[in-house]
Amino acid sequence: QIGGGQITVAMSGSWSGQESVACLFGAGKQRVSGAWSSSTIAAGGRDGSGMLHLECAAPSSGTSGTVPVGVEVDGVEQGGVSGSVEYVSGWSVTGVQPSSVGESGGASVTVLGSGLRGGMGCIFHDASAGWRQESSGTAQDGGKAIVCTAPGHAVGVVLVGVALDGAAAASAGNAELAYVKAPVVTSVVPSRLEAGSGGVVTVYGQHVGAGANVL
């Protein structure tokens, strides 16, 4: 996003993950200090493809467009490591539907906002627990919605945002999503109704509270 945001650079090589690192943005090589990703360090220093991940906060840009990105390790620019980042016009998140899902995950959620587009996914995160999960998404409703699958999480409230190619914009906003115990139905009273007449039934069970729907 034009306002900047977090990016991740995948790097091969014999790095230990202890070196000081930085990203170099644009033709002027604006230097931004970075850090090795804790997720790859925790996995023994490499992801499934044998790559280390470097994370940097991309600076803001006055215009849309693509700028080159280089990498500096222990003060030395790495000539063989380069890429680019595309700055795009802004987007925002205003809400998520439904507002709660079961703790086992697997439910579809729709993130609402403006400026949303194809290639975006959802970011589910709980900073207090150090938890972050990404889910691929499908853009709908002319840039006003992204549909994703919620991952599993313990009962509680997490934040949901969107990301373009895995990079979440700092100013894009978040919506709250509650993880709840899944309802368990134990009985329905009455157990039968006259065909075609309809009627009122009472559903008994566990974790059946306000906002629950009967299907």
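The values are calculated or read from the model by the stated rules, or taken from the named source; none is laboratory data. These numbers come from a predicted model, not from an experiment. Positions of Cβ are backbone-derived with ideal geometry, glycine not excepted, and every protein chain shown enters the neighbour counts. Accessible surface is based on the protein model in full, side chains and every heavy atom, while ligands, DNA and RNA are left aside. Shrake-Rupley method; radii C 1.70, N 1.55, O 1.52, S 1.80 Å.
Values computed for the structure shown
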| item | result |
| --- | --- |
| SER60 open to solvent by 50 Å² or more (accessible area, probe 1.4 Å), more than 19 Å from ALA163 (Cα to Cα), at pLDDT 80 or above and part of a loop (DSSP other than H, G, I, E, B) | no |
| Where MET120 falls short, out of the listed (1) open to solvent by less than 30 Å² (accessible area, probe 1.4 Å); (2) farther than 23 Å from PRO59 by Cα; (3) in contact with a Gly (Cβ under 8 Å, 6 or more places away or on another chain); (4) of a type in the set (A, V, I, L, M) | (2) |
| Single match in GLY95, GLY83, GLY79, GLY106 (criterion: without any contact (Cβ under 8 Å) to a residue 40 or more places away in the chain and out of contact with any His (no Cβ under 6 Å at 6 or more places or on another chain)) | GLY79 |
| Every pair of residues 6+ apart whose Cβ atoms lie under 9 Å, when the first sits in the stretch 3-29 and is buried (at least 17 other Cβ atoms within 10 Å of the Cβ) while the second is at pLDDT 80 or above and basic (Lys, Arg) | ALA22/ARG31; CYS23/ARG31; LEU24/ARG31; PHE25/ARG31 |
| Selected residue [in contact with a helix residue (DSSP H, G or I) (Cβ under 9 Å, 6 or more places away or on another chain) and at pLDDT 90 or above] from LEU112, LEU116 | LEU112 |
| Failed criterion for PRO151 (all others in (1) surrounded by fewer than 17 Cβ atoms within 10 Å (Cβ to Cβ); (2) at pLDDT 80 or above hold) | (1) |
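Quick grid of which residues meet (1) at positive phi; (2) open to solvent by less than 40 Å² (accessible area, probe 1.4 Å); (3) modelled with pLDDT under 80:
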{"site": "ALA43", "(1), (2), (3)": "no, no, yes"}
{"site": "SER64", "(1), (2), (3)": "no, no, yes"}
{"site": "PRO68", "(1), (2), (3)": "no, no, no"}
{"site": "ASP74", "(1), (2), (3)": "yes, no, no"}
{"site": "VAL81", "(1), (2), (3)": "no, yes, yes"}
{"site": "VAL88", "(1), (2), (3)": "no, yes, yes"}
